[in-house]
Amino acid sequence: MAMASWFSRLRRSSQRFFFTSSALRTSMSTKLARTQNTTNSESPKTPFLFWSSSLLPVALAVSAGSLALRPQLDPSLCEAPSANSRNEFVVKGLCKEVPQELVDELKDVCQDNMTMDYEERYNHGKPQNSFHKAVNIPDIVVFPGSEEQVSMIVKSCDKHKVPIVPYGGATSIEGHTLSPNGGVCVDMSLMNHVKALHIEDMDVVVEPGIGWMELNEYLAPYGLFFPLDPGPGATIGGMCATRCSGSLAVRYGTMRDNVISLKVVLANGDIVKTASRARKSAAGYDLTRLVIGSEGTLGVITEVTLRLQKIPQYSVVAMCNFPSIKDAADVAIATMLSGIQVSRVELLDEVQVRAINIANGKNFLETPTLMFEFIGTEAYSREQTHIVQQIVSEHNGSDFVFAEDPEAKKELWKIRKEALWACFAMEPNFEAMISDVCVPLSCLAELISSTVIAHAGDGNFHTVILFDPNNEEHRREAERLNHFMVHTALSMEGTCTGEHGVGTGKMKYLEQELGMEALKTMKRIKAALDPNNTMNPGKLIPAHVCF
């Protein structure tokens, strides 16, 4: 098979890497090693690559580097990509001095909830979970406490043509909150309240700064929960902006499916309500879905109405081991095709299991491992468990065990959620290059035969590549592997990002994925709603797109 030969060439040309799964949706992984012998004990450590989640990479080795951008100051102008953009890892931009008049206006609005302290600005300009960086940091950080304050802040920035960067839980991966052009960072952390809970309608109205974990703590006494579960620390506003999902998306859908309506402050300060609270509507354009995934480039989200779910009556968490990743993947596929409504399926390879053991003092068998969660009534959950146990036995699975105790189940999923930090336990001085892609589920079998890495679920796959930040060769190799993974997914009619979003890191792939006409349409929408290009400029839409 052609893809298998491409993959072989990638393996021969790469440094030694270890592939293992990190957390998030049907994670899976495998360990790949360069065939070259490394007998010198003093040779520098090589990076680790963690493939995780419900996806599928293929083989299409293409050399790449990271992204460098220049700001687009006029939305009607076009700018060709820099010839050297693939050799740089820092997002470029132009930063002009913020007018004193704007500073005074912001002080009038925010009072003490505003800072120009360098350390605070630096922290807001350097995402903690992203390897993307920018040449500049925000000039000012403001902390609005109300929708009205957000409107006044945005209106003042638009008047002075100063960039605005909305800021939530700082958990985004692809450089969404970078400030390459300086400007004003709008930190939404003070707007973190539940405004209304409608128990009978099973929906809740919240401000954007509330975290999904805090929201679920609030909802638990009412027997309700919000089913999306991305990384710890993510806020509802940021989850809307990036159109995220989580490990439960296989059963409950993504953010797009769980938001009923929004309130958004547009670039001119206008406050727009995108929909009513009705569960469905055919009234006009779907502005809610337009804003979800817009990454702060069309407006600042100030209110979100969410669908809720009943906390499952009963659940079972099961684990089983396999001699190979292929066997585990076959079980994942067979389970999804059986019609069983699993709420989670996660696959870990032996390296990821070892990382979990090291980080958490556990003693799990270090072989490819599948984890399942079944929910429903007690009888239904157990029935699902026994059906999957039979499937496992038909695919060389062993040591099938399941937990029904609430604390035991909680501990197992907690370990999976913290798998990224477990990876750092293996190499605490390394940095992580985190990425994701998504492909059609029907490509799964081909991917398994081509790459040994696959997963059944919603086709979303995550990687965590650990590399030495002081070793430029490591960084280039990590980016090359990231680029390889993305182009593999695109060759299979997949997407460059399943849930992390575009930000600055994935812009270079959008033309290949969507085509220039789609990007021109996006830019027309952006220009119509944000003619001064103040809303999170330099994100989502490549600078060379023009119309």
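Quick look at the numbers
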read-out: Candidates SER281, SER245, filtered to the one that is modelled with pLDDT under 95 and under 15 Å from the mean Cα position of the chain (by Cα); value: SER245
read-out: The one condition in (1) touching a strand residue (DSSP E or B) at 6+ places or on another chain (Cβ under 9 Å); (2) open to solvent by 10 Å² or more (accessible area, probe 1.4 Å); (3) closer than 30 Å to LYS414 by Cα that ARG243 fails to fulfil; value: (1)
read-out: In segment 93-146, the residues that are of a type in the set (Phe, Trp, Tyr) and in a loop (DSSP other than H, G, I, E, B); value: PHE131, PHE143
read-out: Breaking point among (1) farther than 21 Å from GLY231 by Cβ; (2) open to solvent by less than 30 Å² (accessible area, probe 1.4 Å), for LYS195; value: (2)
read-out: Within segment 485-513, tally of residues that are closer than 18 Å to ALA241 by Cα, out of contact with any helix residue (DSSP H, G or I) (no Cβ under 7 Å at 6 or more places or on another chain) and part of a helix (DSSP H, G or I); value: 1
read-out: Number of positions in segment 369-411 that are in contact (Cβ under 8 Å) with a residue 24 or more places away in the chain, open to solvent by less than 80 Å² (accessible area, probe 1.4 Å) and farther than 20 Å from TYR314 by Cβ; value: 7
read-out: Qualifying residue in segment 314-326 (condition: among the charged types (D, E, K, R) and modelled with pLDDT under 85); value: yes
read-out: Residue check, SER85 at pLDDT 95 or above, open to solvent by less than 40 Å² (accessible area, probe 1.4 Å) and among the hydroxyl-bearing types (Ser, Thr, Tyr); value: no
read-out: Breaking point among (1) surrounded by fewer than 16 Cβ atoms within 10 Å (Cβ to Cβ); (2) charged (D, E, K, R); (3) at pLDDT 95 or above, for ASP530; value: (1)
read-out: Selection from segment 216-238 of residues that are free of Cβ contacts under 8 Å to residues at least 40 places away in the same chain and of a type in the set (A, V, I, L, M); value: LEU228
read-out: Failed item in (1) part of a loop (DSSP other than H, G, I, E, B); (2) crowded, with 24+ Cβ neighbours inside 10 Å, with GLY284 passing the rest; value: (2)
read-out: Exclusive hit being buried (at least 24 other Cβ atoms within 10 Å of the Cβ), under 17 Å from ALA355 (Cβ atoms), β-branched (Val, Ile, Thr) and modelled with pLDDT under 85, set VAL439, VAL464; value: VAL464
read-out: Test: LEU290 is assigned to a loop (DSSP other than H, G, I, E, B), open to solvent by 10 Å² or more (accessible area, probe 1.4 Å) and closer than 23 Å to PRO531 by Cα; value: no
read-out: Unmet requirement for GLN341, which otherwise passes all of (1) within 21 Å of PHE461 (Cα to Cα); (2) in a helix (DSSP H, G or I); (3) open to solvent by 20 Å² or more (accessible area, probe 1.4 Å); value: (2)
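The values are calculated or read from the model by the stated rules, or taken from the named source; none is laboratory data. From a predicted model like this one, the values you see are computed outputs, not experimental measurements. Heads up, the Cβs are rebuilt from the backbone with ideal geometry, glycines too, and the neighbour counts pull from every protein chain shown. For accessibility, only protein heavy atoms count, side chains too; no ligands or nucleic acids. Shrake-Rupley method; radii C 1.70, N 1.55, O 1.52, S 1.80 Å.
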